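What follows is a set of notes on a single structure, which appears directly below.
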Amino acid sequence: MFQIPCPDFSLADTLECGQTFRWRRLPTGGYAGWIEGRTVKVRQEGSALLVESLDSSLTPGRVARYFALDLNLAAILASIDVDAQAHDAIARHRGLRVLRQDPWECLASFICSSYNNIARIQGMIERLCRAYGVSVGFNGYQGYTFPTAEVVAVASERELRALGLGFRAGYLRSTARLIAEGRFALEPLRGVRYAEAKAALLHCEGVGDKVADCVALFGLEQYEAFPIDLWIARAMRYYFRRQKMTPKRLHDFAAKHFGAYAGYAQQYLYHYVRNLRRGTQDSRLKTQVKSSVLGLVS
DNA sequence: CGCCAGGTGCTGA
DNA sequence: TCAGCACATGGC
């Protein structure tokens, strides 16, 4: 057990904003999950992060890196605090940080995310880990590591479908083989320009615009990436009340409007609009707030 | 019990 | 370039 300083940080917003699928909230208020393949429990006490792991190789430095605590969040948020909606999102979820996740786990997870809901994505990934990962026990918590691309690559599509992956089974298998056979490498994409990283990701089957941006942002430190899903498209109606906007035009706008950390803006907006429904008790007010933000009220 | 979900690939204009 | 469509599934 050790603790590290975490100024300007919200563990709950960071782990529950939909960027990661393998953390579970504990009755104690903390979370159990994984960092760089090590199982771990974390809990926030003010501006300190309490970390519990049996694996001594999980150093404070690795944990701080995973949670991106080295980045100057105040500066990032100042750069994207450029309109009223972004301002509200930041005010509501301040401390949310974009994690530095393992790019392969990120890629596989978001291939599974297409045309799907978060609850089921979590279940699918859990079954994938149970079937192909390595069992690890720790202090009353037991789980399975995320399987390597090499292991997933040798699974049959039928076996993957049996885990409930549906039509994504073929995509995942195809992409796993690409990596396992050395025809595609993720790690080098961390150091190249955003456009180049995205173009490379698009060669994977099951990876389109949205998934490529998620992997670039959550796994490759490409903070310009701006994943556009259904919820963000709704949020963007705030800027374009009635115009028809293609995803390409939304991307161009986001890049110009939010700048180098557009990905942070995306994540704050995504978390913000999704939580508007549970934000207030009064359902009438709730509907008003939601409609207003989504640009549905004339 | 219908509706919906962090979309993608394919086809045809 | 872009609209239209099929694709599997289970949580809510």
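Assuming residue A:225 fulfils every condition listed in (1) assigned to a loop (DSSP other than H, G, I, E, B); (2) over 30 Å from residue A:85 (Cβ atoms); (3) touching a residue at least 12 places away in the same chain (Cβ under 8 Å) apart from one, which condition is it?
Residue A:225 satisfies all of (1) assigned to a loop (DSSP other than H, G, I, E, B); (2) over 30 Å from residue A:85 (Cβ atoms); (3) touching a residue at least 12 places away in the same chain (Cβ under 8 Å) except (2).
Counting just the residues of segment A:138-157 that are more than 25 Å from the chain's Cα centre (by Cα) and loosely packed, with under 14 Cβ neighbours inside 10 Å, which one comes out nearest to residue A:169 (Cα to Cα)?
Per the criteria, the residue is A:156.
For segment A:77-84, state whether one or more residues are outside any helix (DSSP H, G or I), in contact (Cβ under 8 Å) with a residue 24 or more places away in the chain and within 16 Å of DNA strand B (Cβ to nearest atom).
no
Considering only residues that are closer than 18 Å to residue A:253 by Cβ, among the basic types (Lys, Arg) and away from DNA strand C (no atom under 16 Å from the Cβ), which ones fall in segment A:191-235?
A:234
Does residue A:122 satisfy being among the polar types (S, T, N, Q) and part of a strand (DSSP E or B)?
Details: among the polar types (S, T, N, Q): yes; part of a strand (DSSP E or B): no.
In short, no.
Name the one entry in A:183, A:158, A:173, A:177 that is in the same structural domain as residue A:117 (by TED's automatic domain parsing), part of a loop (DSSP other than H, G, I, E, B) and of a type in the set (D, E, K, R).
A:183
Of everything in segment A:34-61 that's of a type in the set (A, V, I, L, M) and under 19 Å from the mean Cα position of the chain (by Cα), which residue is nearest to residue A:143 (Cα to Cα)? Give the steps one after another, and end with the answer.
Taking segment A:34-61 and keeping what is of a type in the set (A, V, I, L, M), we get A:35, A:40, A:42, A:48-51, A:54, A:58.
Restricting the remaining residues to those that are under 19 Å from the mean Cα position of the chain (by Cα) gives A:35, A:40, A:42.
On the way: A:35: 13, A:40: 11, A:42: 16 Å.
Among residues in segment A:34-61 that are of a type in the set (A, V, I, L, M) and under 19 Å from the mean Cα position of the chain (by Cα), the one nearest to residue A:143 (Cα to Cα) is A:40.
Mind listing whichever residues of segment A:245-298 are farther than 23 Å from residue A:208 by Cβ, of a type in the set (S, T, N, Q) and at pLDDT 90 or above?
A:275
Filtering segment A:107-122 down to residues that are under 15 Å from residue A:216 (Cβ atoms) and among the polar types (S, T, N, Q), which residue is farthest from DNA strand C (Cβ to nearest atom)?
Among those residues, the one meeting the criterion is A:109.
Are any residues in segment A:164-179 surrounded by 17 or more Cβ atoms within 10 Å (Cβ to Cβ) and more than 9 Å from DNA strand C (Cβ to nearest atom), and if so, which ones?
The answer is A:171, A:172, A:173, A:175, A:176, A:177, A:178, A:179.
Could you tell me how many of the residues in segment A:125-155 are in a loop (DSSP other than H, G, I, E, B) and either within 16 Å of DNA strand B (Cβ to nearest atom) or closer than 16 Å to residue A:22 by Cα (or both)? Give the steps one after another, and end with the answer.
Going residue by residue through segment A:125-155, those that are in a loop (DSSP other than H, G, I, E, B) are A:133-134, A:139-140, A:145-148, A:154-155.
Now restrict to residues that are either within 16 Å of DNA strand B (Cβ to nearest atom) or closer than 16 Å to residue A:22 by Cα (or both): A:133-134, A:145-148.
So the count comes out to 6.
Collect the residues in segment A:161-174 that are away from DNA strand B (no atom under 14 Å from the Cβ) and farther than 16 Å from residue A:105 by Cβ, keeping them in residue-number order.
A:161, A:162
List the pairs whose first member sits in segment A:202-221 and is outside the structural domain of residue A:19 (by TED's automatic domain parsing) and in a helix (DSSP H, G or I), whose second member is of a type in the set (A, V, I, L, M) and within 16 Å of DNA strand C (Cβ to nearest atom), and whose Cβ atoms are under 8 Å apart, counting only residues at least 6 apart or on separate chains?
Listed pairs, sorted by first residue: A:209/A:202; A:209/A:228; A:210/A:228; A:211/A:111; A:212/A:202; A:213/A:228; A:215/A:207.
Quick one: which of A:216, A:199 is surrounded by fewer than 23 Cβ atoms within 10 Å (Cβ to Cβ) and either modelled with pLDDT of 95 or more or more than 14 Å from DNA strand B (Cβ to nearest atom) (or both)? Full working, then the answer.
On the way: A:216 fails: surrounded by fewer than 23 Cβ atoms within 10 Å (Cβ to Cβ).
When all the criteria are applied, what remains is A:199.
The values are calculated or read from the model by the stated rules, or taken from the named source; none is laboratory data. What you see is a predicted model, and the numbers here were worked out from it, not measured in a lab. Here the Cβ is made from the backbone with ideal geometry for all residues, glycine too, and neighbour counts use every protein chain on show.
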